[in-house]
Amino acid sequence: MSAAQHLHIVPSEFLVEHLPNATFPEDDEWIALVRAPEGLTVVREASPFTEAERWVGFYGDAGHGLDLPGMLAAVVGPLAEAGVPVFVASTYHADLVLVPDHRLKDATQALRDAGHRVSDR
């Protein structure tokens with residue numbers, strides 16, 4: 001199977017937060033949580049009133065499960081080559097690859113140049 005994917009740009013904007021002394025967020029408005037020795041990383045939808053850096057996401061069209069190697073590498077590799085920072089939240093079926101909002105155009109072009117189909121918001 002080819003690692004080229006059909007990716008959708010998720011219509012929401014996201015925040016990636018680090019809560020150094022938390023073990024669980026104070027609310028339930030999160031999309032993804034990662035608990036580590038350094039604290040909690042929280043991904044949540046951005047409020048229109050939030051001033052923090054916003055991230056946008058690419059999500060695969062068809063789930064690929066856990067047994068297909070190279071799917072995430074095929075997406076983050078071209079982004080790394082283009083100098084686009086990423087934050088990834090993986091699910092059982094696919095990966096949500098976040099890039100800074102102001103780099104969306106660069107990220108989309110890098111992914112298309114790598115052979116991926118990208119659907120706009």
Cβ contacts < 6 Å: first residue touching a residue at least 60 places away in the same chain (Cβ under 8 Å) and on the phi < 0 side of the Ramachandran plot, restricted to segment 78-95; second residue of a type in the set (Val, Ile, Thr) and not in a loop (DSSP other than H, G, I, E, B), any location; separation 6+ or different chain. Result?
PHE87/VAL16
In this structure, is HIS102 under 21 Å from LEU15 (Cβ atoms) and open to solvent by 40 Å² or more (accessible area, probe 1.4 Å)?
yes
If you check ALA80, ALA89, ALA114, which single one turns out to be open to solvent by 60 Å² or more (accessible area, probe 1.4 Å), under 25 Å from ALA4 (Cβ atoms) and either out of contact with any helix residue (DSSP H, G or I) (no Cβ under 9 Å at 6 or more places or on another chain) or of a type in the set (A, V, I, L, M, F, W, C) (or both)?
ALA80
Given the options ARG44, ARG54, name the one that is at pLDDT 85 or above, closer than 21 Å to VAL99 by Cβ and in contact with a helix residue (DSSP H, G or I) (Cβ under 6 Å, 6 or more places away or on another chain).
ARG54
Could you tell me whether VAL84 is of a type in the set (A, V, I, L, M, F, W, C), assigned to a loop (DSSP other than H, G, I, E, B), within 14 Å of the chain's Cα centre (by Cα) and within 20 Å of SER119 (Cβ to Cβ)?
yes
Quick one: in segment 1-37, which of the residues that are of a type in the set (Asp, Glu) and at pLDDT 90 or above is surrounded by the most Cβ atoms within 10 Å (Cβ to Cβ)?
GLU13
Would you mind stating whether ASP106 is at pLDDT 95 or above and of a type in the set (D, E, K, R)?
yes
How many of the residues making up segment 94-111 are of a type outside the set (A, V, I, L, M) and closer than 17 Å to GLY70 by Cα?
1
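The values are calculated or read from the model by the stated rules, or taken from the named source; none is laboratory data. Please read all numbers here as calculations on a predicted model, not as lab measurements. So basically every Cβ, Gly included, is an ideal-geometry build from the backbone, and we count neighbours across all protein chains shown. Ligands, DNA and RNA are stripped out before the accessible areas are found, and what is left, the full protein with its side chains, is counted by its heavy atoms. Shrake-Rupley method; radii C 1.70, N 1.55, O 1.52, S 1.80 Å.
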